[in-house]
1. Give the shape of segment 166-218 as rounded, prolate or oblate, defined through the alpha-carbon gyration tensor: a ≥ b ≥ c are the square roots of its eigenvalues, a/c under 1.5 means rounded, and otherwise the shape is prolate if a/b is larger than b/c and oblate if not.
2. Out of the total accessible area of segment 139-212 (probe 1.4 Å, heavy atoms of protein only), what percent is carbon and sulfur?
3. Roughly what % of Cα-Cα distances in segment 102-144 sit above 13 Å, to the whole percent?
4. HN-Hα J couplings of segment 195-209 from phi, Karplus 6.51/-1.76/1.60, θ = phi - 60°, integer Hz, Gly and Pro as x?
5. Among rounded, prolate and oblate, which fits segment 68-139 when a ≥ b ≥ c are the square roots of the eigenvalues of its C-alpha gyration tensor, a/c under 1.5 means rounded, and a/b larger than b/c means prolate?
6. From the Cα gyration tensor of segment 121-237, with a ≥ b ≥ c the square roots of its eigenvalues, which class applies: rounded if a/c is under 1.5, or else prolate if a/b is larger than b/c, or else oblate?
7. Explain nothing, just the number: dipole magnitude of segment 112-212 about its Cα centre with +1 on each Lys and Arg Cβ and -1 on each Asp and Glu Cβ, in debye rounded to the nearest 20.
8. Could you do me a favour and compute the accessible area per residue for segment 95-163, 1.4 Å probe, result in Å²?
Amino acid sequence: MKKKIVVFAAVCVLGITTLTGCNTTEEADGQGATVTTASEVAQMDDPDAVKADASLEKPSFTVDLSGSVSARMNEEASPLTVEATVTNGGTVTYQWYRNTVNSNGGGTPIEGATEATCVPELTEEGITYYYVVATNTLDKSMSKATSSTIEVQVLPAGEWIQNETGWWYRYDDGSYPTSCWKKINGEWYSFDANGYMRDDGWYQEGDAWYYLNSDGSMAHDTVVDGYTVDSNGRWVQ
């Protein structure tokens, strides 16, 4: 008579090899036993699962990360960009990571950062390292490659200063933005050549018209004086 013994425990294979969740089936008549891991069982249960394949072409980074960049806290950072390609017709996808050390391993995945670009967070001062894992998927196989790292330094935020002329935004080193737009705490502000914030009314730049609220922030996605301004703050003519 044959009988089967199924063991879901830590000790398998003559009590010598330890496998987590291993599954051993022994035939009493001396036929060979089969040992499988939990992951192998999961793959057998899901034949449509995408599996790692060392023979599949890995993505090649034609645009990689390197060096370091800096930005001010609570402003808007320039996006980080990579590009990875394959030649076998597979599909390349991305997952960005952040790390506290200069390493492209052991980082924390950034939720929703699955495109070729990623905008760094500027909510805290300090240095963070970013990298991305590119995955090539073809049929039910996949292979991965990891980019280099880039250092992102978040500098101290500036402070609003008012004098008899108007408002300006001073950084800790005494410098200030001039002749530009700056996104500060989620709102856009326009600064003139002398560094003063423009405010309260319509402002033309090139062929575009913008409306600046009384606090200097740019109006967007609204109607002002019967005129519609879009998500970029431009009057829709």
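The values are calculated or read from the model by the stated rules, or taken from the named source; none is laboratory data. Worth saying up front: this structure is predicted, and the values here are computed from it rather than measured. When we count neighbours, we look across all protein chains shown, and the Cβ atoms used for this are built from the backbone with ideal geometry, even at glycine. Remember, those area values only see protein heavy atoms, side chains included, never the ligands or the DNA or RNA. Shrake-Rupley method; radii C 1.70, N 1.55, O 1.52, S 1.80 Å.
1. prolate
2. 41
3. So the pairs more than 13 Å apart make up 66 percent of the total in segment 102-144.
4. Couplings: x, 8, 6, 7, 7, 6, x, 6, 9, 9, 9, x, 8, 9, 10 Hz.
5. Prolate is the answer for segment 68-139, as a/c is 1.5 or above and a/b outweighs b/c.
6. Cα axes put segment 121-237 in the oblate bin.
7. Dipole magnitude for segment 112-212 comes out near 460 debye.
8. Per-residue accessible area for segment 95-163 comes out at 52 Å².
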